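A.B. asks: Right, I'll just put the structure down here and ask away after.
The values are calculated or read from the model by the stated rules, or taken from the named source; none is laboratory data. Keep in mind that what you see is a predicted model, and the values were worked out from it rather than measured. Here the Cβ positions follow ideal geometry from the backbone for every residue, glycine too, while neighbour counts run over all protein chains shown. Just so you know, the surface numbers come from the protein's heavy atoms only, side chains and all, with ligands and any DNA or RNA stripped out. Shrake-Rupley method; radii C 1.70, N 1.55, O 1.52, S 1.80 Å.
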Amino acid sequence: TSTVGSIVGMIPEGLYLLTSLALVASVIRLANRRTLVHDMGCIETLARVDTLCVDKTGTITEPKMTVDDIVPLQPDRYIADDIRMIMADYVCAMQDDNDTMAALRRYFTGQSMQTAIAAMPFRSAKKYGGVSFHEDETYLLGAPEILLAACPEKDRFLPQAEEWSAKGCRVLLLALYDGRLDDEALTAEMMPLALILLSNKIRPEAPQTFAYFAQQGVRTKVISGDNPLTVSEVARRAGIPDAEKFVDARTLTSEEAIRDAAGKYTVFGRVTPAQKRSLVQALKAEGHTVAMTGDGVNDVLALKEADCSIAMASGSDVACQVSHIVLLDSNFASMPSVVAEGRRVINNIERSASLYLVKNIFSFFLAFFTLFATLPYPLSPAQLTLVSAVTIGIPSFILAMEPNESLVKGKFLRNVLFRALPAAMTDLAMVVGILLFYIAFHLDDTAMITICTGVMGIVGLMMVHRTCHPYNTIRKVMIVVLGVLFVIAYFGFPALFNLQKLDLQSALILIVFGLLSWPVMKAFCRLNDRMRAKFEAWRAAKTAKAA
């Protein structure tokens, strides 16, 4: 029986159930807020995130894109109506199904006058697409800096495109190309025809959401395939800190350059899908916990690489399937509530887990002590049931369900061990003292067990008292009810827990050790605080030396 009691005491038997129920409760609460969780563990991960990578379209801005204007570049030959006719033919020939093409189709409505002989959909790697109507009539539509790279008139037209990009517009260049669609390099003659200006409205709730993350110490990185000037301006309007620090990802030609840029810049433009993944990997390599939001196929590689991935339900099915969390309303403003749920789970389980580990640490050391000192193990499963139910099981479940949005700090297991050590050492010191009294005064075995159970209950309630700080109404009621329950069970139903009614000598020993528990626990708390401070200082020095 004593062996079973020692083994049961070493096992945190309710902690797995507590953790599972707390996570399930969070999943249900998030579902009520239109947030689908694919992996329960991601709730904890998101609460620890210190770097948030977001896409521009669909996250900072609304997914619906609109065409604002047309800027003809050859007004003497092609006026706005000519551009509209060309674009009407272009959109009819393209089969792309994305937000950009949807916006172009809505704006350039009209009957197609020509039939295409070939079409090349827009590709993220190339940043342009095209349509051929005749062998000598091929139109390209895409990023100005890409299409104009080999154009002799680059210096004439590119500044115009950059000027509109700096105003937050997404700029597409329509050009007449005297080559083939499958040309790997655009070396044939090209005539820029017009700039097509598109825009997404910034989500009204975006500034408030990004302000929340900034206050919580979470850095935001904007990773987009659009022009970095455009993305930087949109990020600035959304209130993202350091939005003026941007880089064109085409200049990041090596993994080393990407790693260097990951910590230096906030906005990344013209990023390919592979570079998105590399940026996430670089941030993780620096020790950051990274969350990635996205809604398109181009984001899938980065979503799979991130510690926690969040997809918008309005995006592609593939992005939703690979992500840990899906925002069913496609509303980025839901993110603070998701983070709050993660913090509730981690902080509350961390606090509750310390109650479990008090018994586990105490039982482990007591088993070794009684084994080598050839003393009887003073507890059986019956007494542990009483102490565990009143000082661990009931309070841990109540505390685990409370609201808690405090910042998550430190490592989980380390925090729990430091919280639990003072009470565990107090239990050990008190029970060893009672065992010595047992030897010196020849106490009855059952009396010794009864005294040990009573002292453990007192120390356990003191641990609950420490865990409940700062008190609120629920915690005040809980600590009173727990104290009353323990007294009723201990003195009213001793036979149920293999206890006995105490005589005067045993009662005096219980009172002495019960009163002694408080100063002993205070002393262990001070010692624990000093040990933790030295440990943190050692870790800080080690980290600084490594850096």
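A.B. asks: Can you tell me the mean projection area, over all orientations, of the convex hull of the chain's alpha carbons? Units nm², please.
C.D. replies: 30.8
A.B. asks: Using only alpha carbon positions, build the gyration tensor of the range 105-217, then give the equivalent ellipsoid semi-axes as the square roots of 5 times its eigenvalues, largest first, whole angstrom.
C.D. replies: Working: eigenvalues 213, 63, 36 Å².
Taking √(5λ) for each Cα gyration eigenvalue gives 33, 18, 13 Å.
A.B. asks: Okay, moving on. Which cross-chain or sequence-distant (5 or more) residues have an amide H under 5 Å from the amide H of HIS38, H modelled 1.01 Å from N in plane?
C.D. replies: Under 5 Å from the amide H of HIS38: ILE325, VAL326.
A.B. asks: If you don't mind, another one. Taking a probe of 1.4 angstrom, what is the accessible area of ASP444 in Å², to the nearest 10?
C.D. replies: Accessible surface of ASP444 is approximately 80 Å².
A.B. asks: Would you mind classifying the range 394-547 by shape? Square roots of the alpha carbon gyration tensor eigenvalues, ordered a ≥ b ≥ c; an a/c under 1.5 is rounded, otherwise it is prolate if a/b is larger than b/c and oblate if not.
C.D. replies: Oblate shape, in that a/c is at least 1.5 and b/c is the bigger or equal ratio.
A.B. asks: Starting from the Cα-Cα distance between SER337 and ILE439, subtract it from 0.36 nm times their residue separation and give me the gain in nm to one decimal.
C.D. replies: The span from SER337 to ILE439 would gain 31.0 nm if fully extended.
A.B. asks: 5 Å is the cut-off here: which amide hydrogens, built 1.01 Å from N in the peptide plane, fall below it relative to MET292, excluding neighbours closer than 5 in sequence?
C.D. replies: Close amide H contacts, sequence-distant or interchain: CYS53, CYS308, SER309, ILE310.
A.B. asks: How large is Rg/Rh for the range 160-199, to two decimals, with Cα atoms and a Kirkwood Rh?
C.D. replies: With Rg and the Kirkwood Rh in hand, the quotient comes to 1.08.
A.B. asks: Still on this structure, I have one more. Considering only protein heavy atoms and a probe of 1.4 Å, how much of the accessible area of the range 108-261 is carbon and sulfur, as a whole percent?
C.D. replies: 49
A.B. asks: With a 1.4 Å probe and all protein chains left in place, how much of the accessible area of the range 395-547 comes from carbon and sulfur atoms, in whole percent?
C.D. replies: 70
A.B. asks: Follow-up. Under the Karplus relation 6.51 cos²θ - 1.76 cosθ + 1.60, θ = phi - 60°, what is the ordered set of whole-Hz ³J(HN,Hα) values for the range 515-531, x standing for Gly and Pro?
C.D. replies: With the stated coefficients, the range 515-531 comes to 5, 6, 4, 4, x, 5, 5, 4, 5, 5, 5, 5, 4, 5, 5, 5, 4 Hz.
A.B. asks: Okay, moving on. Which trypsin sites (Lys or Arg not before Pro) from the range 77-163 combine a DSSP loop assignment with at most 15 other Cβ atoms within 10 Å? Before the final figure, lay out each step's value.
C.D. replies: Numbers: sites: ARG77, ARG84, ARG105, ARG106, ARG123, LYS126, LYS127, LYS154, ARG156; in loops: ARG77, LYS126, LYS127.
Sites meeting the loop and neighbour criteria: ARG77.
A.B. asks: How much accessible area does CYS169 have with a 1.4 Å probe, in Å² rounded to the nearest 10?
C.D. replies: My reading of the accessible area for CYS169 is about 20 Å².
A.B. asks: On to the next question. Roughly how many Å is it from the Cα centre of the range 481-547 to that of the range 1-34, as a whole number?
C.D. replies: 23
A.B. asks: Also: With 26 Å as the cut-off, how large is the P(r) tail for the range 245-373, expressed as percent of Cα-Cα pairs? Don't skip to the end; give the middle numbers.
C.D. replies: Values: 3565 of 8256 pairs.
Value for the range 245-373 (Cα pairs over 26 Å): 43 percent.
A.B. asks: Could you sort the peptides 181-188, 10-17 by per-residue average Cβ neighbour count (10 Å cutoff), highest mean leading?
C.D. replies: 10-17, 181-188
A.B. asks: Taking amide hydrogens as modeled 1.01 Å from N in the peptide plane, which residues meet the under 5 Å criterion relative to LEU193, leaving out close sequence neighbours?
C.D. replies: For LEU193, whose amide H was placed from the backbone, the distant partners under 5 Å are LEU174, ALA175, LEU176.
A.B. asks: Taking the DSSP beta bridges in the chain as the whole, what percent of them are antiparallel, to the nearest 5?
C.D. replies: 65
A.B. asks: Can you compute 3J(HN,Hα) from phi for each residue in the range 244-250, using the Karplus curve 6.51 cos²θ - 1.76 cosθ + 1.60 with θ = phi - 60°, rounded to whole Hz and x for Gly and Pro?
C.D. replies: 6, 8, 10, 8, 8, 5, 5
A.B. asks: Short version: ³J(HN,Hα) in whole Hz for each residue of the range 305-321, in order, from phi by Karplus 6.51 cos²θ - 1.76 cosθ + 1.60 (θ = phi - 60°), x for Gly and Pro, what are they?
C.D. replies: Running phi through 6.51 cos²θ - 1.76 cosθ + 1.60 with θ = phi - 60° gives 7, 5, 5, 9, 10, 10, 10, 8, 4, 6, x, 6, 5, 5, 4, 5, 6 Hz.
A.B. asks: Calculate for the chain the 222 nm mean residue ellipticity that helices alone would give, adding -39,500 (n - 2.57) per DSSP H run of length 4 or more and normalising by residue count, nearest 500 deg cm²/dmol.
C.D. replies: -17500 deg cm²/dmol
A.B. asks: Pull out the extension gain between VAL480 and ALA495, defined as 0.36 nm times the separation in residues minus the alpha carbon to alpha carbon distance; nm, one decimal.
C.D. replies: 3.0 nm
A.B. asks: With every protein chain present, what is the per residue accessible area of the chain (1.4 Å probe, Å²)?
C.D. replies: Normalised by residue count, the accessible surface of the chain is 45 Å².
A.B. asks: List the GluC sites (Glu not before Pro) within the range 225-296 that fall in a DSSP loop (any state other than H, G, I, E or B) and whose Cβ has at most 14 other Cβ atoms within 10 Å.
C.D. replies: Listed in order of number, the matching sites are GLU244, GLU286.
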